[in-house]
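Notes follow the structure.
The values are calculated or read from the model by the stated rules, or taken from the named source; none is laboratory data. On a predicted model such as this, the values are computed, not experimentally measured, just so you know. Every residue, glycine as well, gets a Cβ built from its backbone with ideal geometry; the counts of neighbours run over all protein chains shown.
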């Protein structure tokens, strides 16, 4: 099976959440009709809360008055903000892939989790999957509490994936106080910086690219979104 590169798009500026969602909708449709390559998009958002399809109204407090968006991704409430590496994953699950079968969302999500686990291992952070909980978890070495370090929420449209992963590098953890993250009151959240790993976005991105190819076996090809986003914004 020939393995074609997947586009990697990196945005240096903070991207408004509505812009990202509308752009992804359009791009996913292009993948569906085979007019665009599969794509990873690395970006940041300003502070906001998003509700997945299982979110409960009583789990939103929002004393910060951050913008709130209701989405069609899976999962419950989550926070996005500066200091988080947002990774939107647009892949065609209709076709066979080297490391998971076609039309298999569970195997696909498992591989995404493995990708982030391997990335964090590079920084000597042991992240784990937990039965009955979404995302990836680490044990605080001081409190021994299990805290969430990465959230995962995927939506499929005609078997094309979108939405994706939020990995905490150095967000303001107090901004999570406006929600019950993922509906789990008994657990906290953490970040690489909170664990004493004072790394940069560029370093994390470099490791993400290396581990992606180890897990998924696809090469990544850097691609610029700048002109496409400018055209998209003008049209909308």
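Details
- Yes/no for residue 89 being over 22 Å from residue 21 (Cα atoms), in contact with a strand residue (DSSP E or B) (Cβ under 7 Å, 6 or more places away or on another chain) and in contact (Cβ under 8 Å) with a residue 24 or more places away in the chain: no
- Selection from the stretch 131-159 of residues that are without any contact (Cβ under 8 Å) to a residue 40 or more places away in the chain, surrounded by fewer than 19 Cβ atoms within 10 Å (Cβ to Cβ) and closer than 30 Å to residue 94 by Cβ: 131, 132
- Counting only strands (runs of 3 or more DSSP E) that fall entirely inside the stretch 1-52 and contain at least 1 residues that are touching a residue at least 12 places away in the same chain (Cβ under 8 Å), out of contact with any helix residue (DSSP H, G or I) (no Cβ under 6 Å at 6 or more places or on another chain) and over 28 Å from residue 100 (Cα atoms), the qualifying elements are 48-51.
- Flag for residue 99 being buried (at least 17 other Cβ atoms within 10 Å of the Cβ), more than 23 Å from residue 200 (Cβ to Cβ), at pLDDT below 95 and in contact with a helix residue (DSSP H, G or I) (Cβ under 8 Å, 6 or more places away or on another chain): no
- Selection status of residue 69, touching a residue at least 24 places away in the same chain (Cβ under 8 Å), part of a strand (DSSP E or B) and closer than 23 Å to residue 219 by Cα: no
- Residue in the stretch 38-56 that is modelled with pLDDT under 95, surrounded by fewer than 19 Cβ atoms within 10 Å (Cβ to Cβ) and over 22 Å from residue 157 (Cβ atoms) present: yes
- Residues satisfying the stated conditions in the stretch 178-198, i.e. more than 16 Å from the chain's Cα centre (by Cα) and surrounded by 15 or more Cβ atoms within 10 Å (Cβ to Cβ): 178, 179, 180, 183, 184, 187, 188, 193, 194, 195, 197
- Considering the stretch 72-93, the residues that are part of a loop (DSSP other than H, G, I, E, B) and at pLDDT below 95 include one that is surrounded by the fewest Cβ atoms within 10 Å (Cβ to Cβ), namely 72.
- Sole exception among (1) closer than 30 Å to residue 98 by Cβ; (2) exposed (fewer than 14 other Cβ atoms within 10 Å of the Cβ); (3) at pLDDT 95 or above for residue 221, by number: (3)
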